[in-house]
Amino acid sequence: MDRSGQYWIEVGEPSTASVGIVLHDGITNTASLLFEPPDHALTLGDAFVQDTMKLADQAALILGVKFEDDPFAGWTPLPDVRLSMRMGEHAALWAAASRAIRSPTPFDDEVGEKSGAVTELAGNSEFRPEEVMGYELGARAPAACARATDSDRG
């Protein structure tokens, strides 16, 4: 079962903040796909805070951090910073930097798949979290759309 909540806070011009939590739990075995130990309780949680600051009429800075907790990697801070600028009504430029992690899951670590007495798939208890520091630069604009008609056909 998943549970989540988010709360927006008007900090005052030019800033809006949000805070929230997300909780996930539950793991279920099937006849051929099992997790060892079968009674392993899995609870994953996130808590985050984010502030959006208006820098000018068309520019905003977003600062945030998510704290992720899972039984495989523990508490992990995941910061994020984004700068965006609107270029007219339909176009925008942005830059971002963020830290991300892919933690092991029960499928990576504790899964077993059996076909009769034969084990087809087994988890790897040596699986470790993967981290990345990501950087983005981007632009958004509507695609040019041309419409052609052929009025000479009968």
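Throughout, read-outs are computed from the coordinates displayed, never taken from laboratory work. Source: prediction; values computed, not measured. Virtual Cβ from ideal backbone geometry, glycine too; neighbours counted across all protein chains shown.
Here are a few things to note about the model shown:
- Here each label is just a point 7 Å from Cα along the line to Cβ, and for ALA95 and ALA17 those points are 2.6 nm apart.
- J(HN,Hα) series, region 119-132, from Karplus relation 6.51 cos²θ - 1.76 cosθ + 1.60, nearest Hz, glycine and proline x: 7, 8, 8, 9, x, 10, 6, 8, 4, 10, x, 10, 10, 8
- Taking 0.36 nm per residue of sequence separation and removing the Cα-Cα distance, the VAL49/LEU121 pair yields an extension gain of 22.0 nm.
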